[in-house]
Amino acid sequence: MSNETIVNPAQKSAYDSPWPMSQRFLRVLWEFCWTLFCVWTPKPLNGWRLFWLRVFDARIDGTPFVHQRARIAIPWNLTLHDRACLGDRANAYSLGEIEIGARATVAQEVYLSSGTHDFDRPEMPLVAAKITIGEDAFIGARAFVLPGITIGARSVIGACSVVTKDVPENAIAAGNPCRVIRSRPPSA
């Protein structure tokens, strides 16, 4: 991953939290608010869920859709563009930035993981790298996207794929590891 960053370079042990106390408090507060105010809401109350995401500094452009059972680890690391969709039980594990482009769909139970660990160091520090999902892309159900990945505009990722490398624009890709199968026809 070329764009990775160690979250806390001063982390001395794998057992130490890489997050300062203020970040840990905000994350607990976020989980409390999402559970109390959003998880129970029906789909038509999307605006209410977007309100709470904005309260916690998610960057929201236009009117994306966030399913009430979507999970978002750190909302201030999330950017959603107009008409982007974060589906039922999708998991935005946003330890680093995650950006979902306009009209892109992240289907049910997709896992976007922008965090991992540096296993070459004995303290195994947390490493984060931005995930970028391009405009009009579609990520199929239960796909797993690793840190630092860019999925190009209009690309389709097949269900249950494990995306370990960038996917170019206008591609259809699937598998474990995910590979480009063919090009997507141009839009009309």
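Read-outs: derived from the displayed coordinates by stated rules, not from any lab. Because the structure is a prediction, the values reported are computed rather than measured. Note that we place each Cβ from the backbone using ideal geometry, even for glycine, and neighbour counts take in every protein chain shown.
Among Val28, Val162, Val145, the largest mean-square fluctuation in a Gaussian network model of the chain, built with springs joining Cα atoms closer than 10 Å, belongs to Val28. Exposure proxy shown here: for Tyr93, Tyr15, Tyr111, the number of other Cβ atoms within 10 Å sets the order, fewest to most, as Tyr15, Tyr111, Tyr93.
Comparing mean-square fluctuations of Arg142, Arg154, Arg54 from a GNM of the chain with C-alpha springs under 10 Å, the top value falls on Arg54. Neighbour counting of Cβ atoms within 10 Å sorts the residues Leu45, Leu36, fewest neighbours leading, into Leu36, Leu45. Counting charges near Ser155 (Lys, Arg +1; Asp, Glu -1) among other residues having Cβ under 14 Å from its Cβ returns a value of +2.
In what order do Cys33, Cys85 fall by count of nearby beta-carbon atoms within 10 Å, going from fewest to most?
Details: Cys33 15, Cys85 20.
Fewest-to-most Cβ neighbours within 10 Å comes out as Cys33, Cys85.
Within the range 116-188, list the chymotrypsin sites (Phe, Trp or Tyr not before Pro) lying in a DSSP loop whose Cβ has at most 16 other Cβ atoms in a 10 Å radius. Before the final figure, lay out the partial values.
Numbers: sites: Phe119, Phe138, Phe144; in loops: Phe119.
Passing sites in the range 116-188 are Phe119.
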